[in-house]
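The values are calculated or read from the model by the stated rules, or taken from the named source; none is laboratory data. Source: prediction; values computed, not measured. When we count neighbours, we look across all protein chains shown, and the Cβ atoms used for this are built from the backbone with ideal geometry, even at glycine. When the accessible area is computed, the model is the full protein with side chains, heavy atoms only, and any ligands, DNA or RNA have been set aside. Shrake-Rupley method; radii C 1.70, N 1.55, O 1.52, S 1.80 Å.
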Amino acid sequence: MKRDMELIIDILKCIEETKTSASSAIVVHMYRYDTKEKQEHVQYQINLLKDAGYVEARGGLNPYEFTIYNMTWAGHDFLDAARNEVVVSKTKEFVKSKGLDFLSLPIDVAKELLVETTKKMLFS
């Protein structure tokens with residue numbers, strides 16, 4: 001399976017919208033991912049987020065099932081950098097102009113580029 005940066009952003013948004021201080025844990029359900037194969041794709045992305053330190057999660061009995069307890073500081077930082085669709089679009093255009101694909105960038109590189117694009121938009 002491949003990393004899917006757009007889905008990762010959607011998952012982080014879902015966590016932010018769903019998780020409350022009263023809820024101890026959530027299971028992420030992305031509604032347009034309605035087949036077993038698509039659900040495994042979502043769970044794979046959550047595993048990547050866990051491995052990257054962006055969420056605190058624990059696997060279930062199913063190898064692609066995760067319960068999410070919290071989004072970490074790093075997860076919030078990445079989501080804040082990726083929240084604005086104009087910033088994401090401009091970053092994708094810049095990366096494409098360099099002959100690369102935004103969706104396949106390492107997550108730390110993607111975050112840095114998103115932050116730099118935001119800075120350029122604010123300070124130019």
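Could you say which residue among Glu56, Glu40 is in contact (Cβ under 8 Å) with a residue 12 or more places away in the chain and part of a strand (DSSP E or B)? Lay out the reasoning, then the answer.
Working: Glu40 fails: part of a strand (DSSP E or B).
Just a single option satisfies the conditions, and that option is Glu56.
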Quick check: is even one residue across segment 54-69 open to solvent by less than 60 Å² (accessible area, probe 1.4 Å), touching a Leu at 6+ places or on another chain (Cβ under 8 Å) and at pLDDT below 90? yes
Residue in segment 76-94 that is open to solvent by 30 Å² or more (accessible area, probe 1.4 Å), of a type in the set (Asp, Glu), modelled with pLDDT under 80 and over 18 Å from the mean Cα position of the chain (by Cα) present: no
Residue satisfying all of: in segment 95-116; farther than 24 Å from Glu17 by Cβ and crowded, with 17+ Cβ neighbours inside 10 Å; farthest from the chain's Cα centre (by Cα) among these: Val95
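Rundown of residues vs (1) part of a helix (DSSP H, G or I); (2) closer than 24 Å to Val55 by Cβ, yes/no style:
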residue: Asn70; (1), (2): no, yes
residue: Ala74; (1), (2): yes, yes
residue: Phe94; (1), (2): yes, no
residue: Leu114; (1), (2): yes, yes
residue: Met121; (1), (2): yes, no
Picked from segment 32-53 (must be among the polar types (S, T, N, Q) and open to solvent by 40 Å² or more (accessible area, probe 1.4 Å)), the residue modelled with the highest pLDDT is Asn47
